[in-house]
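J.: Below you'll find the structure I mean.
Coordinate-derived values only; no laboratory data. This one's a predicted model, so the numbers in the text were calculated from it and none came from an experiment. So basically every Cβ, Gly included, is an ideal-geometry build from the backbone, and we count neighbours across all protein chains shown.
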Amino acid sequence: MKKLQFNITINAPCMKLCKFLKILSLFIFPLTVLAQTDNSELQKMYNEDQSSRMVKNINWSVLSKQDKEREKRVYEMINSEQIITGKDYYNSAMIFQHDNDTIASSMAVKHMKKAIELDSTINKWLLAAAIDRDLMRQKKPQIYGTQYVMNNGETKWKRYDIDSTQVTDEQRKFYKVETLAEQILKERNMNLTPISEFHSKSSSINQTIKFIKSEHKKGLKSAYNTSENELNGFAYELLKAKKENDALEIFILNTKLYPNQFNTFDSLGECLLLLGKKEESLNAYKKALKLNPKNENARKIIESQK
């Protein structure tokens, strides 16, 4: 049997095209490597970490055990190279943040630095908080002022010792941390009676709204916390209790009491979207983005609704 022979002649233009495609692949390949998706299991762990801290009367012994289990799983993910994206490093940093030893606190700092290196849009507050907590775990003064403690036998929160000379207020603002003056006010607010306590007695959202307005007018003379963060947290408590319409009323009130704070409109947008009020939700998100053009959450949601 004769063997068939094929003679293939590649002309010059074809050779040039092949060379071009080969060079092009060198540029495309790294992009495919970089196009990694966030670790969904780690995101779920982060969500559990956060939601477990948004309930009343936390059982700290149970929560501590859960924190340890999450931390153990994060180490397994590190060993199997499953932590890749900036969001992954952010989520793992938060889990490390909630352990109580210096190994975990140093890992939180390390992972937050990597998170910001990979994604400059990530919330930088956690890096300042991780640095402060790492210093606190080493029994050194914090430098940003993110850590507040309640020692055994005490009933009031206080800001943990701080070396205020190491960081300027401008640097604090860059990391989304309150200024030194704002931290004094924050400490006061933390020791005020939460609005949820009044609401548990009145059980009427209209009475609670009326009470919030009257307490807010008292300013520093108020015995209740009517800060933006307190009202926002209270509204989310109502959402979790399946009282969506009551939550909406508080979110709306918060935008009226704090009309220049982007987060009040961002949270309002989230609630409206949950209730199926898409047009009103978009308006709230647009307002949030106008107040803070760096609000990527609002930007993404607005884009997704087009």
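J.: Report, ordered by chain and residue number, the aspartates and glutamates lying within cross-link reach of LYS256, taken as a straight Cα distance under 20 Å and ignoring same-chain residues fewer than 8 apart.
T.: Of all the aspartates and glutamates, those that pass the test against LYS256 - Cα under 20 Å, at least 8 places apart if same chain - are GLU215, GLU228, GLU230, GLU237, GLU244, ASP246, ASP266, GLU270, GLU279, GLU280.
J.: Right, next: Which of LYS44/LYS240; LYS56/LYS287; LYS278/LYS306; LYS68/LYS173; LYS87/LYS113 have a Cα-Cα distance over 21 Å? Don't skip to the answer; put the middle values down first.
T.: Details: LYS44/LYS240 17 Å; LYS56/LYS287 32 Å; LYS278/LYS306 11 Å; LYS68/LYS173 32 Å; LYS87/LYS113 12 Å.
Cα-Cα > 21 Å for LYS56/LYS287; LYS68/LYS173; rest within.
J.: Do any of LYS110/LYS139; LYS156/LYS201; LYS110/LYS140 go past 21 Å between their Cα atoms, and which?
T.: LYS156/LYS201
J.: Between VAL149 and THR193, how many nm apart are label points set 7 Å from Cα along the C-beta direction?
T.: 3.0 nm
J.: With θ set to phi - 60° and the Karplus curve 6.51 cos²θ - 1.76 cosθ + 1.60, what are the ³J(HN,Hα) couplings of segment 113-122 in order, to the nearest whole Hz, using x for Gly and Pro?
T.: Those phi angles translate into 4, 5, 4, 5, 4, 7, 8, 5, 8, 5 Hz.
J.: Still on this model: Testing the spin-label approximation: label points 7 Å from Cα along Cα→Cβ at LYS256 and TRP125. State their distance in nm.
T.: It works out to 2.6 nm between the two label points.
J.: At a threshold of 8 angstrom on Cα-Cα distance, excluding pairs fewer than six apart, so keeping six or more, what relative contact order does the chain reach in percent?
T.: 8 percent
J.: Right, next: Return P(r) of segment 201-306 (all Cα-Cα pairs; 10 Å bins starting at 0; whole %; ordered from short to long distances).
T.: Using 10 Å bins, I get a P(r) of 16, 45, 30, 9, 1 for segment 201-306.
J.: Relative to 2.2 N^0.38 Å, what does the C-alpha radius of gyration of the chain come to as a ratio? Two decimals please.
T.: Relative to the 2.2 N^0.38 Å estimate, the chain comes out at 1.32.
J.: Name the residue from LEU231, LEU272, SER200 whose Cα lies farthest towards the positive end of the charge dipole of the chain, charges +1 on Cβ of Lys and Arg and -1 on Cβ of Asp and Glu.
T.: About the Cα centre, the residue reaching furthest to the positive side is LEU272.
J.: Residue-wise, which Karplus ³J(HN,Hα) couplings in Hz belong to segment 190-195, taking 6.51 cos²θ - 1.76 cosθ + 1.60, θ = phi - 60°, and x for glycine or proline?
T.: Listing the rounded values in order: 5, 9, 7, 6, x, 4 Hz.
J.: May I pose another question? State the extension gain, in nm to one decimal, for the chain segment bounded by THR102 and LYS158, taking 0.36 nm per residue of separation less the distance between their alpha-carbons.
T.: Length gained, THR102 through LYS158: 18.0 nm.
J.: Then there's this: Taking 0.36 nm per residue of separation and subtracting the Cα-Cα distance, what length does fully extending TYR75 through THR179 add?
T.: Numbers: separation 104, 0.36 × 104 = 37.44 nm, distance 3.48 nm.
Length gained, TYR75 through THR179: 34.0 nm.
J.: Could you derive backbone 3J(HN,Hα) for segment 229-245 from the dihedral phi with the Karplus parameters 6.51, -1.76 and 1.60 (θ = phi - 60°), listing whole Hz in sequence and x where the residue is Gly or Pro?
T.: So the J values, rounded to whole Hz, are 5, 5, 5, 4, x, 4, 5, 5, 4, 5, 4, 5, 7, 6, 9, 4, 5.
J.: Something else now. Near the amide H of ASP38, under 5 Å away, which other amide H atoms are found, from residues 5 or more places off or on another chain, if H is placed in the peptide plane?
T.: Amide H neighbours of ASP38: none.
J.: Amide H neighbours of VAL177 under 5 Å, at least 5 residues apart or on other chains, H built in the peptide plane: list them.
T.: Result for VAL177 returns nothing.
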